């Protein structure tokens, strides 16, 4: 188990670079914006962003990793420059897995690649990481602040049966208040449109100690669009998987990065993950939920070290 040291709490992201010129991957009727940088001959790393971000959240990390690797990142469906599906069913995990497969097939320059996900990018990537058919394409997986929904469903059941486990459940339910809020019709999209979109930089500074007032990070109009669209990720998948969790195992080398100051996910949520992922490395970073913005240097070292140990 590793522990990364903390950077200064207040982090100014105004030096974030701009995204590379997008290329596009077509999956059915949708078009996904893909951004590549680095030397294509080097090992490939695919980065999958979370909610309510787009690929710009990786700018600091990608700029550092591109010195040693070929970096492929994409705006998930409904975010950034990617088109949204026509209805909620288009956000199901199976479609998100198909997106990753399509991007990897079109843009990876090696038969196998390393995968990194943050927040919902990590949540959706577990679908591929635990897919027996697709695991052979992935050399390693680094998961940052995003558990497998099926694992969470099993965790809830086991904690409920365990003596004193109800306190852990109550703690996590309160931490994940936004999941239940997002299921309220009309209210969550309205809040994004009238307040959260333009207030997001201020909230990030207050809650995470991060200034996101930079080019390459969404403006308020883009932010509320991504925020509204991404609500469907939660509505399409969370309760479904919590109620009927599947057995999701992975034989891959997985690096789990747990922020010690994560306000949304408790460390206990990952306490049983080794049952599902036997080849597991756990690292703790003394930071908040948005480590790609606040602790990019630590993440670069963790990812690069993990990837270099697992060269094909």
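The values are calculated or read from the model by the stated rules, or taken from the named source; none is laboratory data. Everything numeric in this text was worked out from a predicted model, so none of it was measured. Neighbour counts are summed over all protein chains in view; Cβ atoms, including those assigned to glycine, are modelled from backbone coordinates with ideal geometry.
Annotations
- Here residue 231 meets the list (1) at pLDDT 90 or above; (2) in contact with a strand residue (DSSP E or B) (Cβ under 8 Å, 6 or more places away or on another chain) almost entirely, failing just condition (2).
- Residue pairs whose Cβ atoms lie under 9 Å apart, sitting 6 or more positions apart in sequence or on different chains, and linking a residue in region 246-267 that is without any contact (Cβ under 8 Å) to a residue 24 or more places away in the chain to a partner that is part of a loop (DSSP other than H, G, I, E, B), are 267/260.
- Boolean, residue 307 is surrounded by 22 or more Cβ atoms within 10 Å (Cβ to Cβ) and either assigned to a strand (DSSP E or B) or touching a strand residue (DSSP E or B) at 6+ places or on another chain (Cβ under 8 Å) (or both): yes
- Taking the listed residues 152, 129, the one that is within 18 Å of residue 275 (Cβ to Cβ) and in contact with a strand residue (DSSP E or B) (Cβ under 6 Å, 6 or more places away or on another chain) is 129, with no other qualifying.
- Whichever residue in region 35-48 is in contact (Cβ under 8 Å) with a residue 60 or more places away in the chain and in contact with a strand residue (DSSP E or B) (Cβ under 7 Å, 6 or more places away or on another chain) and, among such residues, is farthest from residue 299 (Cα to Cα): 40
- Any hit, region 138-159, residues being farther than 28 Å from residue 243 by Cα, at pLDDT 95 or above, surrounded by fewer than 16 Cβ atoms within 10 Å (Cβ to Cβ) and more than 13 Å from the chain's Cα centre (by Cα): no
- For region 280-301, the criterion of being more than 17 Å from the chain's Cα centre (by Cα) and without any contact (Cβ under 8 Å) to a residue 24 or more places away in the chain is met by no residue.
- For region 234-261, the candidate set comprises residues that are outside any loop (DSSP other than H, G, I, E, B) and touching a strand residue (DSSP E or B) at 6+ places or on another chain (Cβ under 9 Å); within that set, the residue that is surrounded by the most Cβ atoms within 10 Å (Cβ to Cβ) is 257.
- Here residue 214 meets each of (1) under 23 Å from residue 96 (Cβ atoms); (2) assigned to a loop (DSSP other than H, G, I, E, B); (3) at pLDDT below 95 with one exception, condition (1).
- Number of residues in region 160-195 that are under 29 Å from residue 286 (Cα atoms), touching a residue at least 12 places away in the same chain (Cβ under 8 Å) and in contact with a helix residue (DSSP H, G or I) (Cβ under 7 Å, 6 or more places away or on another chain): the value is 5.
- Among (1) in contact with a helix residue (DSSP H, G or I) (Cβ under 6 Å, 6 or more places away or on another chain); (2) crowded, with 19+ Cβ neighbours inside 10 Å; (3) outside any helix (DSSP H, G or I) - the single one residue 264 does not satisfy: (2)
- Qualifying residues in region 23-48 (those that are at pLDDT 95 or above and assigned to a loop (DSSP other than H, G, I, E, B)) - the one nearest to residue 116 (Cα to Cα): 43
- Filtering region 99-137 to residues that are over 16 Å from the mean Cα position of the chain (by Cα) and farther than 25 Å from residue 41 by Cα leaves 131, 132, 133.
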